[in-house]
1. Give me the number: length gained by fully extending Ser99 to Ile398, i.e. 0.36 nm times residue separation minus the C-alpha to C-alpha distance, one decimal in nm.
2. Under the 0.36 nm per residue contour assumption, what length would be gained going from the current alpha-carbon distance of Ile355 and Thr131 to full extension?
3. Which of His43, His195, His81 moves most in a GNM of the chain, Cα contacts under 10 Å?
4. So for the pair Leu217, Gln139, with labels modelled 7 Å out along Cα→Cβ, what separation do we get in nm?
5. Note the angle between two axes, namely the Cα long axis of helix 2-20 and the longest principal axis of the Cα atoms of the chain, as a number of degrees from 0 to 90, rounded to the nearest 10.
6. Using the beta-carbon distance between Phe111 and Asn334 and R0 = 35 Å, what value does 1/(1 + (r/R0)^6) give for FRET efficiency, to the nearest 0.05?
7. First measure r as the distance between the Cβ atoms of Phe367 and Asn56, then evaluate 1/(1 + (r/R0)^6) with R0 = 51 Å and state the FRET efficiency to the nearest 0.05.
8. Between Ser208 and Asn69, take the C-beta separation as r, use R0 = 51 Å, and let me know the FRET efficiency to the nearest 0.05.
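The numbers here are math on the coordinates, done by the rules we state, and not lab data. Model, not experiment: these values are computed from the prediction. Every residue, glycine among them, receives a Cβ derived from its backbone with ideal geometry; neighbour counts consider all protein chains shown.
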Amino acid sequence: MLMFTVYLTGICSYRTAVVNTDSVRRGYYEYDAVVASTVKQNHGYSSFDLIKISQNNDNLKLKATIKGNAELYPGDRLHIHSKLYPPEDRKNGRFSYASYLRRSGYAGTTFLNPEHMYFEGCSSEGLSPWTNIKISLLQMRTSVLSRLHTNGLEGKDFATVSAMAFGDKTFLTSADREAYNRTGVSHVLALSGLHISIIYAFLTFLLSFLPKVPRFLTIQTAVWFYVVFAGMSPSLIRAALMITVYSAGTLMHRDKIAVNSLSLAGTVSLLLSPQTIFDICFQLSFLSVFSIMLFYRPLTKIFPSRPFAIRKVMQMTAVSVAAYIGTLPLILYNFGNISFCFVITNLLVVPLTSIVIYLAIFSLIPFVGIYITYILSAAVHLLNLIVSRMGALNFAGINDAYISLNAVIFSYIIIICTYFIYNIMGEYKKD
């Protein structure tokens, strides 16, 4: 009932926010602005976020595009003369670009002409404290990625590490994304529970010598710093909230029921940002974890095995299959992709992902970082090679297999009924 109430509240808040969102009026303007994101380069164009500075502190967020490769960085202040457009749909279809812009807080879009854009240095004047913090963390992330690039990590390997370890997908090409989607391992590029659990396990092992309370506070501080540092995606916030709730339960010697942790994490996420319910990353992240909770144990019982190595492989397979069961209808509705090799690819890619994240962290250590980067480069190169080879197989998957919203609803009804029937049969056998 609480989740249902929060959901209805979120719907109302979202509708109100969309209606009341400030949008620019179409026309030419002369204004000061600050670059508020990393620059994404794609097909000869560069796109990034701008904060349009207003004298009455009513700043507006714009989606900016410029032809060519723009050498701009978070925090750069610009004096611009350009035409602004309110949020508008680009083409007819199920995806509403205008709704996406409003939901993400954009007041409009603009196409910049380099001749009408003047660099004025780096200044935080006119920006809110929270915006300043986010830009500072973006600058820190840019500095970290620059160090990796200087140490010899380049091209596709650099783009993969940037996305996988630091949440910056600006260097990934559409071909790279398609390869990961086709093989069913796109989740390793989107920071989520997998990445948070890897970092949490590492910190828990590293700080095992500390008493419980200091260890809890240190780990949670580090985890949430990483969440803000990596861009605060909905899936990352959900994962961090779950880790915090789970850790607090351990600290207080309370029952650590995973479904309760997930529900509380979802509730808090929606209370903080009701429109998150419409974010596809949040939906996939929430459903995958919930599906693992429902189907992991039943799947492990199908393949009982005593040898340790085989048991671990079967457990990883069960996790992959369980997550895919819960997310497949939504994936088909939004992306139209079915992967037939996701189990094999996950068995190879997930362990390598852990290694890549650990090496990416250690590569930041002064003096020895350059040597660790060589190992990191080899590991991520192997990971990309596996994904590209698996994706090139004819039976890797099917594209453009879209389904309707009614089919999505019907699929989830079947999934839920199957789970309840399994439980009923299990209780019947016990009796």
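1. Contour length minus Cα-Cα distance gives 104.8 nm.
2. So the extension gain works out to 77.3 nm.
3. Of the options given, His43 has the highest mean-square fluctuation.
4. Between Leu217 and Gln139, the label points sit 2.9 nm apart.
5. Long axis of 2-20 versus the principal axis of the chain: about 20 degrees.
6. 0.80
7. That pair, Phe367 with Asn56, gives E of 0.55.
8. 0.65
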